[in-house]
Amino acid sequence: MDPSTSAPKKKPMTIITIGMAGAGKSTFVQRINSHLHARSPPSPPYILNLDPAVTHLPFEANIDIRDTVNYQEVMKQYNLGPNGGILTALNLFTTKFDQVLTLVEKRAETVDYVILDTPGQIEIFTWSASGAIITDAVASSLPTVVAYIIDTPRTTAPATFMSNMLYACSILYKTKLPFILVFNKTDVQPHEFALEWMHDFEAFQAALASHNGTRDAEGEPTYMNSLMNSMSLVLDEFYQHLKAVGVSSVTGDGIDEFFTAVEASREEYETLYLPDLERARAIREKTLQDAKADVKEDSMSRFMKDLTLDRASNPDAALLDKWEQEEDEDEVGADAELDVDIRDSTEHRWPGQYIDITRARRHADENINWPRPG
Ligand SMILES: Nc1nc2c(ncn2[C@@H]2O[C@H](COP(=O)(O)OP(=O)(O)OP(=O)(O)O)[C@@H](O)[C@H]2O)c(=O)[nH]1
């Protein structure tokens, strides 16, 4: 085929896997990884592991947060528990996310998919700054979809199903990205019940009514029951914006349907999300510029006012004005910047080597100088 007539390569699609601990995110990432390797021609993805606490991964990540941040050390230094340690480790890693993006963008011509495996601390994507920074940064550079992984066998009770859907809902509204609900572990529990509950709220309400504990001693619906009934109506609107697929990460069932949903999400990203993102970015830049201009103008007018007053009260003072350069100014400037680079381990194999950014540029006599989060 004449290369000049062939279509330009599509940008790689980024799949961000999010889900509760144990839902099967890492197993799912490994399943789609092996599916892409087995394609003809093979299409190995570029994988990022963002879980600092994982001890074993079933795949080899191209960029691994564990090469940069030691979460045990973070826990010790900040006196945090495991959850706080994971969140803080991810916050620290996020300060280097521009480098991560540069490495990913370098591979844009050779890979079709970029996959992010994330920690089970789902709150990272509902309220923490790093979750938003990561999703915004990735989505403003590449077409992106969120794959929300659900542990289907543990979601068969209506109340658990609803709480899982509410989490998914808050992540959707926070990220505003195309979204696929991935009902995992269908080899253990088929996901048809969930599809039925999503498409027919009366079926969900019937399941709720037949569940224990939905009526009080007088036979009246309990508060929780009424609340969940109303919520199911609210969620009905949310379900309209979602694609849902059932997969088994163990057997590979449903993975083709998942990739069909990913391709549909690419279109959704380009027609709906990208224009929104660009509008939001333009507004943000304009607001930032206006704010900077206002601050500058305000500071300048205050400065001029002070100067006029000062000159009037003490006409000789201006002659004594002299700006003294701080002796260790360079040192301070350099210290404020971290001096650690994120590595793409596919390019530089360096087994056993490890950079701890929490300790970089630290001296023995120095106090901990990392800012506490929040
Ligand atoms: N039967 C079955 N088990 C699965 C499937 N996917 C994952 N599992 C099992 O579920 C457990 C958790 O899987 P992981 O992939 O570690 O889950 P995770 O979401 O990455 O967990 P965290 O790292 O704790 O966030 C493991 O025992 C997996 O073998 C599946 O499709 N079917």
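Given the structure, is Arg66 basic (Lys, Arg) and within 26 Å of Tyr167 (Cβ to Cβ)? If you could, list the steps in order and put the result at the bottom.
Working: basic (Lys, Arg): yes; within 26 Å of Tyr167 (Cβ to Cβ): yes.
For Arg66, the condition - basic (Lys, Arg) and within 26 Å of Tyr167 (Cβ to Cβ) - is met.
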Can you pull out the helices (runs of 4 or more DSSP H) entirely within the stretch 113-220 that have at least 2 residues that are farther than 30 Å from Asp64 by Cα?
158-175, 192-199, 201-209
Would you point out which residue out of Pro143, Pro119 is farther than 20 Å from Phe259 by Cβ and surrounded by 20 or more Cβ atoms within 10 Å (Cβ to Cβ)?
Pro119
When only residues in the stretch 71-99 that are open to solvent by less than 40 Å² (accessible area, probe 1.4 Å) and assigned to a loop (DSSP other than H, G, I, E, B) count, which is nearest to the ligand (Cβ to nearest atom)?
Gly81
Any hit, the stretch 234-251, residues being in a loop (DSSP other than H, G, I, E, B), within 16 Å of the ligand (Cβ to nearest atom), touching a residue at least 60 places away in the same chain (Cβ under 8 Å) and open to solvent by 20 Å² or more (accessible area, probe 1.4 Å)
yes
If you check Val54 against the conditions, is it of a type in the set (A, V, I, L, M, F, W, C) and open to solvent by less than 10 Å² (accessible area, probe 1.4 Å)?
no
Going by what's in this entry, would Thr102 be described as of a type in the set (Ser, Thr, Tyr) and either within 14 Å of the ligand (Cβ to nearest atom) or in a helix (DSSP H, G or I) (or both)?
yes
Applying the selection to the stretch 122-140, what residues are buried (at least 16 other Cβ atoms within 10 Å of the Cβ) and among the charged types (D, E, K, R)?
Asp136
Answer from Pro52, Pro82, Pro143, Pro119 - the residue that is touching a strand residue (DSSP E or B) at 6+ places or on another chain (Cβ under 6 Å) and either on the phi > 0 side of the Ramachandran plot or not aromatic (Phe, Trp, Tyr) (or both):
Pro143
Being under 20 Å from Val138 (Cα atoms) and in a loop (DSSP other than H, G, I, E, B) is the filter; apply it to the stretch 44-65 and report the residue that is farthest from the ligand (Cβ to nearest atom).
Pro44
Criterion (open to solvent by 60 Å² or more (accessible area, probe 1.4 Å), among the β-branched types (Val, Ile, Thr) and either in contact (Cβ under 8 Å) with a residue 40 or more places away in the chain or more than 9 Å from the ligand (Cβ to nearest atom) (or both)) met by exactly one of Thr27, Thr14, Thr68
Thr27
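The values are calculated or read from the model by the stated rules, or taken from the named source; none is laboratory data. Just so it is clear, the model here is predicted, and its values are computed rather than measured. Because the Cβ atoms are built from the backbone with ideal geometry, glycine has one as well, and the counts that use them run over all protein chains shown. Surface accessibility is based on the protein's heavy atoms, side chains included, excluding ligands, DNA and RNA. Shrake-Rupley method; radii C 1.70, N 1.55, O 1.52, S 1.80 Å.
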